[in-house]
Amino acid sequence: LGVANARPSVRLNATFSPVSPLFGSVGLVTQSGAVGIAILDAVRTSRIGVSGFVSIGNKADVSSNDLLYYFSQDEATKVIGLYLESFGNPRKFASIARAITLKKPIVAVKAGRSHSGTRGAKSHTAAAATPDLAVDALFGQAGVIRVDDIDEMGDVIRLLIQEPLPKGLKVGLVGNSGGPLILAADNCESAGLMVPELSSLTKEKIEKIAPPASAISNPVDLTASASAQDIARIVEIVKDDDEIDSVLVVITPLLDLVASQVRDLLDELLINSDKPIIGILLAAGRKAAGDPEVNVPIFSSLRRGAIALSRVAKYGIWKDELQSTIRHFDDVDSKKVKEIINNALSDPKQPSVKKNVWLDTSFALELISAYGINALLGSKVNNIEELEKVADSLSYPLVLKVQNGNIVHKSDVGGVTPGINSPSDLVSAYSEMSDKLGASMGGGFIQPMVPVGIETIVGAIHDDAFGPLVMFGLGGVSTDLLGDRAFSLAPLSLQEANKLIRSVKASPLLFGYRNSEPVDIEALIELILRVGQLVSDHPQIMELDCNPVALSGSGAIVLDAKVRVAPFKEKIDPDLRRLR
């Protein structure tokens, strides 16, 4: 629906929007004209100025990547806002965005999170909606602030323009009523913020001036007897605590406590503050919260205030971190991997190439071992006669598995027999498995039994748009049930692999939860990095599962692996294969 340039020297508004944008420091790009008009209305209501606005539709000529580069070079633009429905080249987007977000924040709404949203995207300007987990991974690695809707975009942009960036996630809560403060603490923690204890020195300072019966902790409840001046003084004390990165002030206006007075005092405090101060005015304070003339961001919703602060704080942490480079391993046997893949895809009976092949168990483990991944290798037998010849020479206990890679979930069909303690037991287990599965068993694969420790999964998939993505989560048979997984674009840096591990909800189990022995995190990180390099170097690998990966205090070992390979037609643009 057009373009707009609000610069005083231009004053161009070639859109159908009934709202004329103010001039300011936000560059806006949208794939939907209607959503763009809604964004213009939202920022105008908040008195946020726009440096430029472009509605690009299906990006037939100008892309979001083009405009990202333009706004990155524009001195008037301090924040970039995006509404996207599709990516033309996700890897190039990530490369451009990553360079920009180290200097200017990018706030993005990406439509198509749900299956129904994906259907809508296909019939709208997007040719195809991209997988949401891949989008999260791309945005996270590129430093893009992802928000869920237009209101949240406006909230986050206002914080970025009007507040200093938080140094961390620790927030101090100050207010005049216990109930709203408890809800504020709940909302903060739900949004990923932390509400730490205040220092002893801070508590002593507060106690000297706080009204009687105040709760001097965090949250700081000053009770209904607190004046606006009391609140402002306490906010300044909490802000100066070294353990606090930002302050959220939650006020319920009363007969003798005027909301606008509290708002104005907070506005004064913000002028010389190096930490964010955000106000939440409830009930009768909603009108004061909507006053666009003040600098301090004021919300009328606990949830919106907490979410906006969390988004900005996480961006501040990402920006301050030392960005590490991709680690490349030289001790890999790429030739052997290519040989395994080519042998699997070639069909001696047909001149054509197979389209999809699941590698048999032994070959899957050999393939990942070629890249220096510690895998539990074993012995392959094609039939019971071969088994009987080697049974006496093996060390027990053992586990027997089906060899056929097309049986993806071995446990579901009785394709795994652990705890075999003798040659006779091994022969019996093979016979039972063969009777149950018949020719589909494809032979057997025998491994030694090892202590499992904590089971995790490290996997990878190849997405047509995003290229290879690495996955980490809980392993074993529980991985599909619990779904506690995280994704990252490959190849990964050391920092990104560490983040991938810690983003899983169950990750505390790996770090000595409740006095348990912590696992060898460095070994796990190296395994993840090697998987990322493997799937990046060999795009014929469509799916890969190292599951389970047994973790202990002294290492990580892959007990089973599944690999699906298919022919890959190399993209013309190399940026489709590399993030940076």
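The values are calculated or read from the model by the stated rules, or taken from the named source; none is laboratory data. This one's a predicted model, so the numbers in the text were calculated from it and none came from an experiment. Cβ atoms come from the backbone with ideal geometry, glycine included; neighbour counts cover every protein chain shown.
In the set (1) of a type outside the set (Val, Ile, Thr); (2) modelled with pLDDT of 80 or more; (3) over 18 Å from residue 227 (Cβ atoms), residue 295 fails one condition alone, (2).
Just one of the listed residues (246, 214, 199) is in the same structural domain as residue 314 (by TED's automatic domain parsing), surrounded by fewer than 19 Cβ atoms within 10 Å (Cβ to Cβ) and not hydrophobic (A, V, I, L, M, F, W, C), and it is 199.
A count restricted to the range 340-354 and to residues that are over 15 Å from residue 405 (Cβ atoms) and at pLDDT 65 or above stands at 2. If you go through the range 152-194 and keep only what is modelled with pLDDT of 95 or more, crowded, with 24+ Cβ neighbours inside 10 Å and small (Gly, Ala, Ser), you end up with 172, 184.
Taking the range 429-488 as the search range and keeping residues that are among the small types (Gly, Ala, Ser) and part of a strand (DSSP E or B), which one is farthest from the chain's Cα centre (by Cα)?
So in the range 429-488, the residues among the small types (Gly, Ala, Ser) come out as 429, 431, 434, 438-440, 442-444, 453, 459-460, 465, 467, 473, 475-476, 478, 483, 486, 488.
Subsequent filtering for residues that are part of a strand (DSSP E or B) retains 444, 459-460, 467, 473, 486, 488.
Numbers: 444: 39, 459: 16, 460: 15, 467: 17, 473: 13, 486: 7, 488: 7 Å.
This residue is 444.
With respect to (1) more than 30 Å from residue 518 (Cα to Cα); (2) touching a His at 6+ places or on another chain (Cβ under 8 Å); (3) not hydrophobic (A, V, I, L, M, F, W, C), the lone exception for residue 431 is condition (2).
Among the residues of the range 412-419, are any among the hydroxyl-bearing types (Ser, Thr, Tyr) and assigned to a strand (DSSP E or B)? For the range 412-419, residues among the hydroxyl-bearing types (Ser, Thr, Tyr) and assigned to a strand (DSSP E or B): present. Mind checking which pairs have a first residue in the range 391-403 that is touching a residue at least 60 places away in the same chain (Cβ under 8 Å) and buried (at least 20 other Cβ atoms within 10 Å of the Cβ) and a second that is aliphatic (A, V, I, L, M) and not in a strand (DSSP E or B), Cβ under 9 Å, 6 or more apart or different chains? As it stands, the answer is 401/433, since those pairs meet every condition given.
Take the residues in the range 414-428 that are more than 14 Å from residue 386 (Cβ to Cβ) and of a type in the set (A, V, I, L, M, F, W, C), then tell me which one is farthest from the chain's Cα centre (by Cα). Here the answer is 420. Looking at the range 203-245 only, could you name the residues that are free of Cβ contacts under 8 Å to residues at least 40 places away in the same chain and among the aliphatic types (A, V, I, L, M)? Across the range 203-245, the qualifying residues are 206, 209, 210, 213, 215, 216, 228, 232, 237. Could you list, in sequence order, the residues of the range 34-49 that are among the hydroxyl-bearing types (Ser, Thr, Tyr) and assigned to a helix (DSSP H, G or I)? Selection gives 45 alone.
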